[in-house]
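The values are calculated or read from the model by the stated rules, or taken from the named source; none is laboratory data. No experiment lies behind these values; they were computed from the predicted model shown. For neighbour counting, all protein chains shown are included, and Cβ atoms are generated from backbone atoms with ideal geometry for every residue, glycine included. Accessible surface areas use protein heavy atoms only, side chains included; no ligands, DNA or RNA. Shrake-Rupley method; radii C 1.70, N 1.55, O 1.52, S 1.80 Å.
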Amino acid sequence: MSVINLEYLFQPRSIAVIGATNDPSNAGYILMRNLMGGGFLGPVMPVSTDAEAISGVLTYNDVEDLPKVPDLAVICRPLSECTQLLARLSEIGVKAAALIGPGFSAMSENEKNKLRRELLQAARSPHMRILGPKSLGFMVPTINLNASLAPLPAKPGKIAFVSQSDSFIPTVLDWALTNDIGFSHVISLGRRIDLSFADVLDYLGSDAQTRSILLYIESINDAREFMSAARAASRNKPVLAIRPGQSLQHVTHELSMLDNPMAARMDEVYDVAFRRAGMLRVQTIDGLFDAAQTLASLRQPVRGNRLAIIVNGTSAGLTAADGLIRRGGSLSEISEETVSKLDEVFEGEWSRSNPVTISYNTPGQKYLDALKVLIKDKEVDAVLVVHVPFAGISSIDVAEVLAKGLKRVRRMVLTSWLGSDMSRKSRRVFSQAGIPTYESADQAVRAFMYMAEYQRNQELLTETPDSLPTDFFPDTTTARDIVHMAIAGGRENLTEPEARKVLAAYGLPVVETRVAVSAREAVIAADEIGCPVALKIRSPQISQPYDVGGVVLDLESPEKVWEAAATMLTRVNRQRPDAYIEGFTVQKMGRRLGAHELFISALADTTFGPIIHFGHGGMTREVVRDQAIAMVPLNMSLARELVGRTRIARLLSGTPTQPPADIDDLCLTLIQVSQLFIDIPQIVHLDINPLYVDETGVLALGARIRVAECGSDCPQLAIRPYPRELEECVVLKDGRQVTLRPIRPEDEPAHYEFLSRVSDEDMRMRFFGVVRRDFDHKDMSRFTQINYDREMAFIATATGDGGRPETLGVVRTSTRPDNSEAEFAIVVRSDLKGTGLGSMLFHKIIRYTRERGTHWLVGQTLFENKAMQGLARKFGFEISENYDEDLVDMKLDCSGD
């Protein structure tokens, strides 16, 4: 991931067009026409031997003849010529190139891969950035730049649109022009040999001209980089995505979840990824822009999905309410106090319920008065005003009164002035006032539900998870040895006893099980563990003992075990004479009366890494098809959210005849499975079915585990998990033992206490003169919920009074996406100065920065902060005075030893 040199691509001061021509059917002609027609103010230099002038601009015979080095080269020549052209352009110092010439589609996959390597080598990437190939180009309307083959221009605006598909862009531009929507950027990525979604998200996420980012995505190749960039961008501004995939999911829906659990759910994996990144997924073009515009005008977050509707027509109100309920929203239950106040506004002439149906000729002031009453009701998350045009009342007058009166209202208010031509002027009034407005009530309801979903995703991104219900210390060595032994023996599947040992090593409760090589040993095992027991045949050739009658349940005595073993051997030998019988498995009957049967399955996806499936289990699993999926890693909040997306979650919360299940223990089990896949990437598939859960906790009967040697090809997690390997213990000068470790979201409560024990003077030094004490959850989530791929925060923690953990100090870095530089900040609790903690934290972050290959570690401090300057000098930092900012700059070269 890198934003290096992207300013030369998206903010060029000069452009060369390689392959410009006067042939109207050629890409070089269209590109020159759009560039010159767009009004780009910098020099445009066409390179061509076909004509003396193109689009009124004199041409140059070759790139070496250009009068100056262009920031951007747009290459319209066939791809077969591009490798040599890029090498020559790189030689003269060009920093960015867009490949929009023909030839890519006709290549084989091997040819494409070979071309990709050659192009990147020729461009010396990332010194020269490459957009494409098979790109339609891009537009930056705010600087009149149209370096594209698009048939329509884009108006300036605050929305960035990035598309993987070149054919989708003309459709979007046509729709946007019709609906008076402008763009800060329109970018066709093409085949992404260099410039990726992650790169563009990094660039647009910090672009001041872009308020929201829209993505058209068909596939992701670099899930780790994409998720990292998307999570960072969505903390700054709304990121929305549209992705086709429903039809593909329908085609593969009938595939068995057990044999191919990912094939039928790939589109749902993208859903989960977008949600985990804090993004919003929409299904249609108009929905994409409706949501983007509404989010851009959002003055404060929507609290939920409860909507109040004001409407001057009964049928229009009922239609809006139906659309709301159909999409999963709810009508606000307005309070008695609100009803009383609305009685005063409308003098009793209204529906006295939600939707608030009023007279057709209600004047604008009464609309406004009613709206102000509704937004004060705690049960109302947003208000939709629907106006049906009638003779005798001016729709535009009502709109103007509302637009003027809503200027200082921060709560979400949506409007829908029904009708096409007759209401267009009214909708323009709302648009100019920054109030979301729609042609239909259903469109407005859809936009509202998008807002509610977006807010849920944002909360999921920043939610502080609960601490684990119990300490969790997996025996990773035992589990890893079992897996490696199976792989070394040439096996793809663990045996049942091996699988149970792996589960037990990670703290999952499993029923007591014994392995017996004969019927006599089976009888002894049953007597030792206690009846009733289950007896299963063991054979490497029989993966499903049920299929051959190799399972007998509820054996009440050792005598019954003896009889069942003899009968089972006869039956299995008859049905599978080729099978080698290794013996039996004797298992304590783990059935719990009244317990729920669930399943947990996990599979290593090649794009997004391990994906966990959870839902209704047992023999009816594939009939009921009640499941949800989540990405690894999980914490308590994410695990709870996963459980909540299944239908069986309602039963787990308890019924009149059944107590609530132990959801905490269930969530812990999901986290344990998540950690298993993090620690042992050689596990490629795990399936626990059934998993019993009731008020006493969970119990697994066993599992199927498939393994494979993956080496460097192990699927990478799309989100970097907590880096436990960076934990270390140190001893302060006063003898106190302290743990230095990466910060976790669960540290938020302790972080409040930590900052409260930092003196005002130290806070002034840390925040450069501003003493802050009003930190809220949003602030703390930024401190404690970090992206370990892009930033790091090491805290010093120890056990405090009452046995609770307390934070003693913190050092953090924020690293540029290209890993060229990291900026640090450090603060230690004021009562712990002189203990050596500051030096330990500083040494820790320097070692970390060097190990990840970052070139420079930099920081700033106030002139009077001599202690910080002294500490920096101690560790070899260069110190310089920055009089422009009234600060001291500190810089350390981490590239050496």
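Among the helices (runs of 4 or more DSSP H) confined wholly to the stretch 588-664, which include 3 or more residues that are over 27 Å from G711 (Cβ atoms) and of a type outside the set (V, I, T)? Before you say what the answer is, go through the steps one by one.
Working: elements: 621-624, 636-644, 649-652.
Counting at least 3 such residues, we get 636-644, 649-652.
In the set (1) open to solvent by 40 Å² or more (accessible area, probe 1.4 Å); (2) in contact (Cβ under 8 Å) with a residue 40 or more places away in the chain; (3) under 17 Å from M451 (Cβ atoms); (4) in contact with a Lys or Arg (Cβ under 9 Å, 6 or more places away or on another chain), V383 fails one condition alone, (1). With respect to L670, determine if the residue is part of a helix (DSSP H, G or I) and open to solvent by less than 40 Å² (accessible area, probe 1.4 Å). It is true that L670 is part of a helix (DSSP H, G or I) and open to solvent by less than 40 Å² (accessible area, probe 1.4 Å).
Looking at V429, V398, just one residue is assigned to a helix (DSSP H, G or I) and under 17 Å from Y360 (Cα atoms), and that residue is V398. Only strands (runs of 3 or more DSSP E) whose full extent lies in the stretch 680-722 are considered here, and the ones with at least 1 residues that are under 25 Å from the mean Cα position of the chain (by Cα) are 683-694. In summary, P540 fulfils each of the numbered conditions (1) open to solvent by 60 Å² or more (accessible area, probe 1.4 Å); (2) within 30 Å of T314 (Cβ to Cβ) with the single exception of condition (2).
Could you pull out the residue among F775, F794 that is among the aromatic types (F, W, Y) and touching a helix residue (DSSP H, G or I) at 6+ places or on another chain (Cβ under 6 Å)? The unique qualifying residue is F794.
Could you run through the stretch 181-193 and say how many residues are in a strand (DSSP E or B) and either within 22 Å of the chain's Cα centre (by Cα) or not aliphatic (A, V, I, L, M) (or both)?
Within the stretch 181-193, the subset in a strand (DSSP E or B) is 182-188.
Those still in the list that are either within 22 Å of the chain's Cα centre (by Cα) or not aliphatic (A, V, I, L, M) (or both) too: 182-185, 187-188.
So the count comes out to 6.
Just to be sure I understand the filter: pairs with C-beta atoms under 6 Å, separated by 6 or more residues or on different chains, first member in the stretch 1-27 and open to solvent by 30 Å² or more (accessible area, probe 1.4 Å), second member among the β-branched types (V, I, T). Which pairs pass? Close Cβ pairs (under 6 Å, with a partner that is among the β-branched types (V, I, T)) amount to N22/I54. Restricted to the stretch 158-177, and to residues there that are touching a strand residue (DSSP E or B) at 6+ places or on another chain (Cβ under 9 Å) and over 25 Å from G434 (Cβ atoms), the residue that is modelled with the highest pLDDT is S163.
Yes/no per residue for (1) open to solvent by less than 30 Å² (accessible area, probe 1.4 Å); (2) of a type in the set (A, V, I, L, M); (3) touching a helix residue (DSSP H, G or I) at 6+ places or on another chain (Cβ under 6 Å):
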| position | (1), (2), (3) |
| --- | --- |
| G56 | no, no, no |
| D62 | no, no, no |
| V69 | no, yes, yes |
| R88 | no, no, yes |
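Among the residues of the stretch 813-835 satisfying the criterion of being under 20 Å from S759 (Cβ atoms) and open to solvent by less than 40 Å² (accessible area, probe 1.4 Å), which is farthest from the chain's Cα centre (by Cα)? Once the filter is applied, the top-ranked residue is T835. Scanning the stretch 332-345 for residues that are crowded, with 18+ Cβ neighbours inside 10 Å and hydrophobic (A, V, I, L, M, F, W, C) yields I334, L342, V345.
Scanning the stretch 839-853 for residues that are open to solvent by less than 70 Å² (accessible area, probe 1.4 Å) and modelled with pLDDT of 95 or more yields S839, M840, L841, F842, K844, I845, I846, Y848, T849.
When the stretch 288-318 is filtered for residues that are part of a helix (DSSP H, G or I) and surrounded by fewer than 18 Cβ atoms within 10 Å (Cβ to Cβ), the ones remaining, listed by number, are A296, T314, S315, L318. Condition check for P558 on (1) surrounded by fewer than 16 Cβ atoms within 10 Å (Cβ to Cβ); (2) of a type outside the set (V, I, T); (3) at pLDDT 90 or above: one failure, at (1).
Identify, please: which residue in the stretch 355-380 is within 20 Å of Q300 (Cβ to Cβ) and open to solvent by 60 Å² or more (accessible area, probe 1.4 Å) and is, among those, farthest from the chain's Cα centre (by Cα)?
Quick first cut of the stretch 355-380, residues within 20 Å of Q300 (Cβ to Cβ) only: 368, 371-380.
Cutting the leftovers down to open to solvent by 60 Å² or more (accessible area, probe 1.4 Å) gives us 372, 376, 378-379.
Numbers: K372: 36, K376: 34, K378: 31, E379: 30 Å.
Ranking the candidates gives K372 first.
Being aliphatic (A, V, I, L, M), crowded, with 22+ Cβ neighbours inside 10 Å and either farther than 15 Å from N146 by Cβ or at pLDDT 95 or above (or both) is a property that L31 has. Please work out which residue is farthest from A291 (Cα to Cα), limiting yourself to the stretch 151-161 and to residues that are buried (at least 22 other Cβ atoms within 10 Å of the Cβ) and among the aliphatic types (A, V, I, L, M). Per the stated criteria, the residue is A154.
Kindly indicate the residue of the stretch 207-234 that is small (G, A, S) and touching a residue at least 40 places away in the same chain (Cβ under 8 Å) and also nearest to P126 (Cα to Cα) among those meeting that condition. Break it down stepwise before answering.
First, the residues of the stretch 207-234 that are small (G, A, S): 208, 212, 219, 223, 228-230, 232-234.
Remaining after also requiring touching a residue at least 40 places away in the same chain (Cβ under 8 Å): 212, 219, 223, 228-230, 232, 234.
Details: S212: 26, S219: 23, A223: 20, S228: 19, A229: 18, A230: 21, A232: 21, S234: 25 Å.
Ranking the candidates gives A229 first.
Per this entry, D664 is not counted among residues that are farther than 18 Å from G507 by Cβ and either touching a residue at least 12 places away in the same chain (Cβ under 8 Å) or open to solvent by 10 Å² or more (accessible area, probe 1.4 Å) (or both).
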